[in-house]
1. Report, in degrees rounded to the nearest 10, the 0 to 90 angle that the Cα long axis of helix 2-72 makes with the longest principal axis of the chain.
2. Working from Cα positions, state the angle (0 to 90°, nearest 10) between the long axis of helix 78-114 and the longest principal axis of the chain.
3. Below 22 Å Cα-Cα, how many Lys pairs turn up in the chain? Only count pairs eight or more apart in sequence, or on different chains, if you could.
4. For the chain, what does the helix formula give at 222 nm: sum of -39500 (n - 2.57) over DSSP H segments with n ≥ 4, over the residue count, nearest 500 deg cm²/dmol?
5. Given the C-alpha atoms of the chain, compute the convex hull and give its volume per residue in Å³.
6. Rolling a 1.4 angstrom probe over the protein chains, ignoring ligands and nucleic acids, what is the accessible area of residue 25 in square angstrom, nearest 10?
Amino acid sequence: DTQNAKVKDLEEALAAIEDEAVAIKHRMVEAKEAAHEQRAEVQRMQSSLKEHKGRFNKTERDLVEMRTQLKDYDENELPTKQSKLAQLQHVLNGHVSRYESLVALCDEAGEAEND
């Protein structure tokens, strides 16, 4: 009779251990699925980071190119344009002086005619 009780206790203990093993296997499956989802999320984030880095690097290259163009403009084109502007201003001042002289001559001629 004690033997039967011991056997029954052992069977119950074995059943509890088997139930615990099933629960552990179930948690392991859930953990594997969660790990898989986390790996997928990490891959998405790495891909996004790579894309952002690519955009940043392109923007940085564009900025360097713009700075180079601006420096070239400041050093080469701007002085040339300023020089041409000064020449045009000189020519314009000459035309204005001649125009003013002609106006003065016309005024004098008009006054002489009135006399």
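1. Tilt of helix 2-72: around 10 degrees.
2. It works out to around 30 degrees.
3. Eligible lysine pairs with Cα atoms under 22 Å apart amount to 4.
4. So the calculated ellipticity at 222 nm is -35500 deg cm²/dmol.
5. Spread over its residues, the Cα hull of the chain gives 152 Å³ apiece.
6. 140
The values are calculated or read from the model by the stated rules, or taken from the named source; none is laboratory data. Small disclaimer: the values here were computed from a predicted structure and weren't measured. Ligands, DNA and RNA are stripped out before the accessible areas are found, and what is left, the full protein with its side chains, is counted by its heavy atoms. Shrake-Rupley method; radii C 1.70, N 1.55, O 1.52, S 1.80 Å.
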